[in-house]
């Protein structure tokens, strides 16, 4: 299937309650320091009214809170990137999340990365850290935003073994068969704009039900082209690809994905922030 790039457009209103949400970005990244306001404005013009900002370390997590105080569109999450294989750093992040629980929409990004981490001893530490975050999510009743590069089946197994309830598997790179136990458990899969150049992502969306799909951009990476910086406005490229692959209308895709997002992240996205005039 050939999926072409779309020109930036404005998506129609989803409903009175819920708008379009980019569920996974790194807008605290320094690559946005020179034009972050413009990036957020372009997202709003495209109909993306909420942007979840995940962290890779404590510096990111603190910056996410600072940025969310300046920009009501930005909804902060906090987590430790799985290649940071350090139990002390993980415990510091656990403490930070506990102290800031009421300000956070999710724990993330956390998980496993077997593409970077090859050493089995370090992978075992990864599993221990991930398990801590899964248990913390249950304790605090927060959803998990999960990274699982080259470790999809392992991440899903660990989530199920630890009784994880509200889970987002971001940019899942495994086969549909590896994803299916997560679908049966009620987990969600967020789809980046790189789907237009990824046969794996296209096959995944084709096989998975619309009722478990979310929109993400993973800005500044995983855009429609690998050579350009990605940004939240491109969530509509993910939307277009999903509706084309699933052969549904835009309104139906928007309604179902908005409801999926609400089920995962709750009403904090809309009810506890300053009102934003939607396009």
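Model label sites at residue 88 and residue 185, defined 7 Å from Cα along the beta-carbon direction, differ in position by 3.2 nm. When peptides 54-66, 135-147 are sorted by average Cβ neighbour count within 10 Å, with the highest value leading, the order is 135-147, 54-66.
Using equal-weight Cα scatterers in the Debye expression, the normalised intensity of the stretch 33-113 in log10 at q = 0.25 Å⁻¹ is -1.13.
The packing ranking, built from the mean of other Cβ atoms within 10 Å per residue, places the peptides 31-44, 102-115 in the order 102-115, 31-44, highest first. Placing dummy labels 7 Å off each Cα toward the beta-carbon, the span from residue 38 to residue 211 is 4.4 nm. A Förster radius of 30 Å combined with the Cβ-Cβ distance from residue 139 to residue 251 puts the calculated FRET efficiency at roughly 0.20. Ranked for footprinting exposure by Cβ neighbours inside 10 Å, fewest first, 222, 215 give 222, 215.
One chain, two ends: residue 259 and residue 197. Fully extended at 0.36 nm per residue, the span grows by 19.6 nm beyond their Cα-Cα distance.
Each 10 Å bin from 0 upward holds the following percent of the Cα-Cα pairs of the stretch 15-158: 12, 40, 32, 15, 2, 0. Based on the convex hull around the alpha carbon atoms, the stretch 99-151 presents an average projected area of 3.8 nm².
Along its three principal directions, the equivalent ellipsoid of the stretch 150-279 from the Cα gyration tensor extends over semi-axes of 22, 20, 15 Å, largest first. Express the relative contact order of the chain as a whole percentage, based on alpha carbon pairs under 8 Å and six or more residues apart in sequence. After rounding, I find 21 percent.
Bear in mind these aren't lab numbers, they're just calculated from the coordinates by the rules spelled out. All values reported here derive from a predicted model rather than from experimental measurement. Quick reminder, even Gly has a Cβ in these numbers, built from the backbone with ideal geometry, and neighbours come from all protein chains shown.
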